[in-house]
Structures are given as C-alpha cells and as structure tokens.
Amino acid sequence: MFKINNVNLIYDLKKESQTYALKGISLKLEKEKFYGILGPSGSGKSSLLYILSALKKPTSGEVYYHEQLLNNIGNEKLAQLRKQDFGFIFQKHFLINYLNILQNVLVPVNSSEVKYVNRAKTILNELGLSAHIYKKPYQLSGGQCQRVAIARALINHPKVIFADEITASLDHKSAKKAMKVIDKYRDGATLIVVTHDPSILKEADEIIHIWDGEVKDKKEIGD
Amino acid sequence: MKPLNLRNYILLSIKQVSPQIILLIIKIALFIFLCSIGFAVGYGLNKSSNMVLENYSSFSFKTNVSETRQQEILTEIRQLEGIEREIQGSASSEGMGKLIVFNSFAWIFESEEEDMPYILDSVDGTITDGRFPENNDEILISQELSNGMNKTVGDYIGIEEMLPKRFKITGVYEGKANVFISQNIVSNGYIFKIETDKINDFYNHLKTYDEISISTDRDNIIEIIDNIFYLLKAVGFLILIITAIEVTTSVSNLNKVYFTERLSEFAILQAVGYSERFILRRMMKELSIIISVGLVGGILLGQLIMTLFHHLYCVDRGIPYRIFEPGIIYFSIILSIIIFLLTYFPVKKYTKKMDWIDVIQQSNT
C-alpha cells in the first residue's frame with residue numbers, strides 16, 4: 001500500500017545547521033494492517049506520519065501510495081486523496097468551535113446524508129458521547145473532544161487511518177477504549193498509530209521503532 | 001444542512017462575526033454622514049449663485065441721503081458703460097459665515113413683479129411647478145433648493161439668516177444657479193445687470209460714492225468664498241481621504257485578525273482533505289457576506305442619521321440639506337470593494353505561504 005524509498009526530511013534547509021527529522025528511511029506498509037510507530041519525543045515519528053499522509057513532502061526520496069508517486073501530485077489532488085482515503089487523528093482534537101459535535105464529525109464528508117449522520121451517531125455512541133452530540137466543543141472536556149476527533153477520522157470509511165499521539169489527552173482506560181472503537185470501525189483500513197505508549201499497540205501487526213529520524217527496528221508482532 | 005454550509009457558519013458564528021459587521025455598519029454610516037456634509041458644502045459653493053455676481057450688482061442708498069442726491073447719483077451711474085438692465089430691488093446674501101457651511105448659499109433677489117422673469121431668465125431658469133410670486137410673502141426657488149430643503153409649492157420657508165420672515169413657495173424652477181426670487185421689499189435699493197467685462201469698472205465707480213452701501217461687494221465676497229472654498233475643499237478632501245483610509249485599514253485589519261484567529265480551523269480542514277482553494281473561496285464568501293451586510297446596514301444607518309440631522313437641525317434653521325445623495329452610496333460601495341480587496345490579497349498571500357502542518361505541529365507542542 002505504502003512504499004517509501006530513502007526519504008529524508010530536513011528542516012531549516014536554508015540555515016547553516018540543518019535538522020534531519022527523517023534520515024534515509026525506506027519502508028513498505030501493507031493494506032489492512034495495524035502499524036505502530038514507536039519512539040521517544042522528537043524522534044521523527046510524527047514527521048514520518050506526515051510524510052506518509054502527504055501532509056508534508058519529503059526533502060528527498062520517494063513516497064508511493066498504491067504505486068502512485070505522491071511527490072509529484074499537485075495540492076488539489078492530494079487534498080482529494082486525503083478526503084477520500086485518509087482519516088486523521090491528531091494529538092490535539094482541532095474541533096471547529098462554532099459547529100456542534102455531530103457537525104464536527106461530519107466535516108470530512110461535508111454532508112448531512114442520513115447514512116453519514118447515522119454512522120456518526122453510532123460511533124459517538126460507542127465512544128460514550130451520545131448525550132453530547134448537539135453540544136459545542138467548548139462544552140466538553142479535552143478527553144471527550146479527542147474522542148470526537150476519533151469519530152471524525154472514521155466517518156468517511158477511510159482506507160488509511162493516521163493517529164498521532166492520540167493518547168496524549170486520554171487516560172489509559174479511555175485510550176484503550178478509543179483504540180477498540182477505532183479497530184471496530186476501521187472496516188479493514190490500514191491503521192498507523194504514532195505513540196510513545198507501547199501499551200496501546202498490543203493489537204498491532206507491526207511496530208516500527210524510530211530513533212533520531214531513522215528506523216531502528218521494524219518488527220512483526222509474533223516474530 | 002451541510003456542516004460547512006456558509007449560511008450555517010454565519011448563523012452559528014453570529015457572535016463571532018457581529019463585531020466586524022457592527023464596526024463596518026458604524027464606519028460606513030459615519031462615512032456617509034461626513035460625505036453628505038462635504039457634498040452639501042461643495043454643492044452649496046459650486047452650484048449656488050456665485051455666478052450671478054458675474055453680472056449683477058446691487059446697492060442701496062444710506063438713510064441720510066436726500067432724494068435729490070439719490071437722483072443725481074443714479075443719473076451718473078446710468079451713464080456708465082455695459083448696463084443691460086436696471087431693476088428696483090435688492091440682491092443680498094446675509095450671514096455669509098453661517099450660510100457657507102451648508103448649501104444654503106443662494107442669493108435672494110427682491111424685485112418688482114415685471115423684473116422677475118428677467119432675473120429668472122438670467123439664470124437660464126424655467127418654472128417647472130407653480131408661478132411667480134405675487135405678494136411680498138411669496139417666493140420662487142430653484143428645484144435644487146426645493147429638493148435640498150424638502151419643500152415644494154405651497155410649503156413655507158423661513159430662512160432665519162437670509163430671509164428674516166416666512167415665505168410661501170409659489171413656484172419652483174430648473175436653472176443653472178440657485179436663487180430665491182421674491183417681491184421687492186426694499187424701497188431704496190437697485191440692482192444693475194452689467195456686461196461681465198464691464199462689472200469691475202462699474203464697482204470701481206460705485207465705490208466712489210459714500211452715500212451708497214453695496215450689498216454685492218463682489219471682490220470682498222469672492223475673496224471670502226475663494227479662501228473658504230479652497231480651505232474647505234482641501235480640508236474636506238483630506239478628511240475624506242483620512243476617513244476612507246481609516247475605515248478600509250481598520251476593517252480589513254479586523255478581517256485579517258479574524259482570519260488568523262481561525263488558522264487551526266483552516267489547518268484541520270486542509271488536513272482532512274479540503275484544498276487551499278476551497279478554504280480561500282470560503283473565506284472570501286464569508287467576507288463578501290460580512291461586507292455586504294455591513295454595507296447595507298451602514299447605508300441604512302447613514303440615511304437614518306442624515307434624516308435625523310435634517311429634521312432635528314436643518315429644518316428649523318431652513319438649511320437646505322439633501323437626505324438622499326446617490327453619489328455617497330456609490331462612494332460607500334467603492335469603499336466596501338476596497339475593504340474586500342485589502343483583505344483578500346493579504347489573506348491570499350498569507351494562505352499561499354502558510355504551512356498548515358506547522359500550525360498543527362505547533363498546536364501539538
């Protein structure tokens with residue numbers, strides 16, 4: 001599904017001292033699998049996620065998604081790809097304040113069709129938010145908002161779900177529950193979870209260890 | 001309703017956008033009101049009857065001058081070159097300082113009934129409604145003065161600085177200059193119509209008599225008008241420019257702040273698959289709605305202020321003041337377009353340069 005060849009991501013390109021966020025990374029990720037990207041803070045794991053999801057373009061190297069080289073695709077097409085194929089959960093929920101919870105979940109599809117509304121309500125219910133669907137984000141706690149962001153990532157039946165440190169604003173129990181909901185509703189989507197908490201990667205098919213922008217280890221669970 | 005529907009946004013975030021709309025309404029309204037005063041001043045000075053001074057001269061004999069002496073002086077004056085007509089009556093404009101502020105600076109001609117058509121003809125006037133005055137308390141006015149004062153045939157006017165009594169409007173005319181024409185109430189006054197190139201000689205001669213008072217002291221009046229006019233024009237233009245700059249920059253800056261406050265919203269929209277073009281287009285649609293509502297509200301509030309000003313201040317003083325001035329509306333529309341452009345281009349530039357993932361990353365840290 002994903003293939004990346006010798007990818008480098010360099011910050012401060014124009015400055016004398018350049019920072020390598022990713023250094024010579026090559027990876028292959030298969031569809032429908034659950035990947036965990038593990039590493040300490042600042043190791044480059046989020047950068048890898050942004051590169052895979054085409055939110056950032058690599059300084060050098062190639063990124064393929066379904067044999068399609070993402071480096072050369074224009075912004076409009078990339079946006080379309082993200083809208084149709086990807087679901088995102090970031091460390092911060094990024095809910096839109098003037099929309100209610102249900103509307104926030106529907107943002108990626110920008111639709112009020114019954115099938116989406118029903119799916120949104122079902123997922124919110126699974127996440128324990130059924131009583132809050134007409135509330136505004138500022139009326140909810142940080143953890144509740146993060147769960148709404150999870151529902152938003154699942155609404156468009158994505159083929160790939162990118163989750164970046166989703167446990168940061170969730171307690172351990174809620175994090176485990178959130179992971180269960182994601183697993184239940186991903187409908188065979190590839191799941192790529194960036195975290196520094198290995199306990200939420202128990203169901204992962206593979207764990208990629210990142211250290212100083214390099215893949216230190218890529219291991220299938222059960223190896 | 002779609003979550004990203006524009007109407008949905010405006011309705012849901014009315015609290016958020018209301019300061020922008022209210023600010024724009026107030027600024028446009030004040031701009032309209034300021035312009036209306038500027039227009040009134042400009043109109044009063046340009047379009048009123050200064051031009052009649054090019055041909056008319058009016059004087060009266062002082063009270064202690066004997067009848068014999070008056071006749072001697074008149075005989076001498078009648079022999080001067082360039083006289084086209086002699087009219088018994090007066091042409092005056094009192095209270096210049098007060099009058100010049102608004103567009104009531106129009107000369108009052110008081111003459112015998114048979115001379116009125118001649119005076120009207122000299123300003124290329126044609127009566128469009130009503131008739132010439134037949135009594136001392138009746139008056140003929142121009143269409144523009146009629147519009148400005150919101151008075152027409154049958155109404156009464158009493159311009160306290162200019163006409164110290166009440167007059168009934170008997171007629172309205174269309175012409176190239178604004179004058180009031182009424183019956184002669186001054187017994188020892190004279191108006192002379194002079195050829196333009198001879199009028200200076202005529203005045204020079206009049207000034208040799210101590211026994212007469214000149215009510216159309218042309219040089220003096222023109223000097224006053226010139227000074228005030230250029231000053232007003234310069235100051236008015238400056239105020240207009242400053243106001244326009246102030247309105248456009250403050251509102252467009254507020255719009256830009258409003259945009260930058262929503263960076264994380266636009267960042268997440270980009271992340272979940274909305275293109276830069278979609279976000280920019282959406283932002284501009286929002287701005288168009290905000291500016292349009294502000295413009296319409298500002299015009300309505302401006303008209304309300306103008307109407308109140310007219311009724312509370314101008315009517316009693318008989319000051320002609322236009323409640324509706326299409327030119328000002330066009331100015332306001334242009335101003336709104338400038339506000340839109342001053343917001344659009346910086347925001348577009350900002351959006352192009354923006355790395356949305358940086359916004360997400362920075363929020364994470």
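Quick notes on this structure:
- Summed over the residues of the protein assembly as shown and divided among them, the accessible surface reaches 46 Å² per residue at a probe radius of 1.4 Å.
- Chain pair B, A: total accessible area buried, heavy atoms, 1.4 Å probe, Å²: 2600
- For residue B:189, the amide hydrogen comes within under 5 Å of the amide hydrogens of B:89, counting only partners 5 or more places away or on other chains and with H modelled in the peptide plane.
- In order through the range A:126-132: 3J(HN,Hα) via Karplus (6.51 cos²θ - 1.76 cosθ + 1.60), integer Hz, x for Gly, Pro: 4, 8, x, 10, 4, 7, 10
- Peptides B:263-270, A:104-111, B:293-300, A:183-190 ordered by average Cβ neighbours within 10 Å, highest first: A:104-111, B:263-270, B:293-300, A:183-190
- The portion of the accessible surface of the protein assembly as shown made up by carbon and sulfur, rounded to a whole percent, is 53 (1.4 Å probe; DNA, RNA and ligands excluded).
- In this structure, residue B:210 and residue B:84 have a Cβ-Cβ separation that, at R0 = 35 Å, corresponds to a calculated FRET efficiency of about 0.85.
- Peptides B:78-88, A:142-152 ranked from most to least packed give A:142-152, B:78-88, packing being the mean of other C-beta atoms within 10 angstrom over each peptide's residues.
- With Cα atoms as the point set, the protein assembly as shown shows a radius of gyration and Dmax of 39.9, 135 Å.
- Gyration tensor (alpha-carbon) shape descriptor, chain A, a/c threshold 1.5: prolate
- Taking 0.36 nm per residue of sequence separation and removing the Cα-Cα distance, the residue B:308/residue B:18 pair yields an extension gain of 101.9 nm.
- The simple spin-label model puts a point 7 Å past each Cα toward its Cβ; for residue B:124 and residue B:292 those points are separated by 4.2 nm.
- For residues of A:104-117, the mean tally of beta carbons on other chains within 10 Å: 3
- Cα centre as origin, Lys/Arg/Asp/Glu Cβ charges: chain A dipole, Debye: 700
- The range A:77-181 - Kirkwood radius from inverse mean 1/r over Cα pairs (Å): 13.5
- Nearest-0.05 FRET efficiency for residue B:137 and residue B:113, computed from C-beta distance (R0 22 Å): 0.95
- Residue B:216 long-range amide H proximity, modeled H, under 5 Å: B:58
- Cα-projected label distance for residue A:183 with residue A:64, points at 7 Å along beta-carbon direction, nm: 3.1
- Per-residue shielding of A:53-66, expressed as the average number of other chain Cβ atoms within 10 Å of the residue Cβ, stands at 1.
- Given charges at beta-carbon only (K, R positive; D, E negative), |dipole| of the protein assembly as shown in Debye: 5400
- Taking all Cα pairs closer than 8 Å and separated by 6 or more residues, the relative contact order of chain A comes to 29 percent.
- Amide H contacts for residue A:21 (H built 1.01 Å from N in the peptide plane; partners 5 or more residues away or on another chain; cut-off under 5 Å): A:9, A:10, A:11.
- Karplus-derived 3J(HN,Hα) values for the range A:149-163, using 6.51 cos²θ - 1.76 cosθ + 1.60 with θ = phi - 60°, are 4, 5, 4, 4, 5, 9, 5, 9, 6, x, 8, 9, 10, 9, 10 Hz; glycine and proline are entered as x.
- In order through the range B:130-135: 3J(HN,Hα) via Karplus (6.51 cos²θ - 1.76 cosθ + 1.60), integer Hz, x for Gly, Pro: x, 8, 6, x, 10, 10
- For peptide B:9-20, the mean count of partner chain Cβ atoms within 10 Å of a residue's Cβ comes to 2.
- Centre separation in Å (Cα based) which lies between the range A:1-79 and the range A:105-169: 26
The values are calculated or read from the model by the stated rules, or taken from the named source; none is laboratory data. None of the values given here were measured: they were computed from a predicted structure. Reconstructed Cβ throughout: ideal geometry from the backbone, glycine too, with neighbour counts over all protein chains shown. For the accessible areas, the whole protein counts, side chains as well, though only heavy atoms, and no ligand, DNA or RNA atoms are used. Shrake-Rupley method; radii C 1.70, N 1.55, O 1.52, S 1.80 Å.
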